[in-house]
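Comments concern the structure below.
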Amino acid sequence: MIRNPAAAPESSILNRYPERDDGRSVDGWQQGGWGWFALALVNAGLAEQKNRSRLNWFLLSLLLGPFATAYIVVAAKPEPSEAAEPAVIEPHTGLWFMAVLLFGGALLIGLAALTTPWLWFVAGGFGALAATAGVLAWRVAVRSTRRSEPPHPETAGGHAG
């Protein structure tokens, strides 16, 4: 049912979406999305003040939103430990994580594609990105293990004999 906004009572202006320059209305997803993104940026700044990773908390805040904000505000600042060694994260860990997330996204979008056929293209794209991230992670892992191994005496440049 299409309503004529001019014929609506005066109080209905509160229930309408704002209109863009071309006359089409802006839906709630577009309005809420920018607020969610801004909240994630604020959470990244709060996390940095508590000596936590900005990128990790930004990405987590995109998923959890105000729940991540509440945790950052309530959680105590971690105390620096003198005895603890700094954690070394292998470069391929992030790539494996991205591959798993993209593969999960491909599966979810594939399920949604059962009702909307054009989503198969999106699911295929996510699957291709997941495969690419997995191959890159594997190659980086192989390369980093080769660098950490000591050289063999035969290949070290000297002759045995």
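The values are calculated or read from the model by the stated rules, or taken from the named source; none is laboratory data. Being a predicted model, the structure only gives us computed values, none of them experimental. Here the Cβ is made from the backbone with ideal geometry for all residues, glycine too, and neighbour counts use every protein chain on show. These area figures cover heavy atoms from the full protein model, side chains too; ligands, DNA and RNA do not enter into them. Shrake-Rupley method; radii C 1.70, N 1.55, O 1.52, S 1.80 Å.
Summary table
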item	result
From Phe67, Phe58, Phe37, residue being open to solvent by 90 Å² or more (accessible area, probe 1.4 Å), of a type in the set (A, V, I, L, M, F, W, C) and at pLDDT 85 or above	Phe67
Every pair of residues 6+ apart whose Cβ atoms lie under 6 Å, when the first sits in the stretch 119-144 and is in a helix (DSSP H, G or I) while the second is loosely packed, with under 14 Cβ neighbours inside 10 Å	Leu119/Ala112; Val140/Pro91
Selected residue (only one of Leu101, Leu114 is surrounded by fewer than 10 Cβ atoms within 10 Å (Cβ to Cβ) and either at pLDDT 85 or above or outside any loop (DSSP other than H, G, I, E, B) (or both))	Leu114
Residue within the stretch 73-84 that is among the β-branched types (Val, Ile, Thr), modelled with pLDDT of 85 or more and within 15 Å of the chain's Cα centre (by Cα) present	no
Long-range neighbours under 6 Å by Cβ, at least six apart or interchain, first residue among the charged types (D, E, K, R) within the stretch 24-51, second open to solvent by 40 Å² or more (accessible area, probe 1.4 Å) and modelled with pLDDT of 85 or more	Glu48/Arg54
Asn51, sole failed condition from (1) farther than 25 Å from Met98 by Cβ; (2) modelled with pLDDT of 60 or more	(1)
